[in-house]
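Some notes on the structure that comes next.
The values are calculated or read from the model by the stated rules, or taken from the named source; none is laboratory data. What you are looking at is a predicted structure, and each value in this text was computed from that prediction instead of being measured. Protein only, heavy atoms only, side chains kept; ligands, DNA and RNA dropped before computing areas. Shrake-Rupley method; radii C 1.70, N 1.55, O 1.52, S 1.80 Å.
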Amino acid sequence: MILPRVKADVETDSVAVLERKMVRIRALHKQLSHILETEYVSGMAYDSKSLKKLILRKRNCVNRFEHLVRAMGEQLGMMTGREMSSTMSRSLVDRVKMIQGLTPKQEEVLFGLANDLEQRHRELMKAASRNGLLFKSVLGRLSVTSKYVNHRNMGRTP
């Protein structure tokens, strides 16, 4: 008997799919966190060559992150089967709570992942803000230095 290469009807466990997406998002959080930390160190050292590489890596990682978050949102929408009310909190935990028919084990796993992702997201936001402030202050110092040097050179005649 020859088995078909691809099953015609593939049954998917939507909870398992959601769990995998959340695990992949957690891995991207970890990667982004590492990139932001490295970016901060490179920024403090004025290492423009490393910063250029990190910007490309960060952009790629953020694009994958955004795609995966959209896919997870769509998955949650399909699983809840209803729209979120405008008054309901938009936290990931609340969205997961809207899924009906979860077993206690599934709830434990999904709620744990949702809480972890929200915590990691807050940490990423703090790191991104810290890096933004660093680069803003560095650009400010460079601007002042540039104005000072240009002002000094204006008094000289070639």
Legend entry - Karplus 3J(HN,Hα) series, Hz, for segment 40-49 with 6.51 cos²θ - 1.76 cosθ + 1.60 (x for Gly, Pro): 4, 5, 5, x, 5, 8, 6, 8, 5, 5
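How large a share of the accessible area of segment 15-61, in percent, is made up of carbon and sulfur atoms when the probe is 1.4 Å and the other protein chains stay in place? Don't jump to the answer; show the numbers that get you there.
On the way: 1650 of 2880 Å².
Carbon plus sulfur share of accessible area: 57 percent.
Just list whichever of K52/K126; K53/K126; K97/K126 have alpha carbons separated by over 24 Å in the model shown.
Result: K97/K126 exceed 24 Å.
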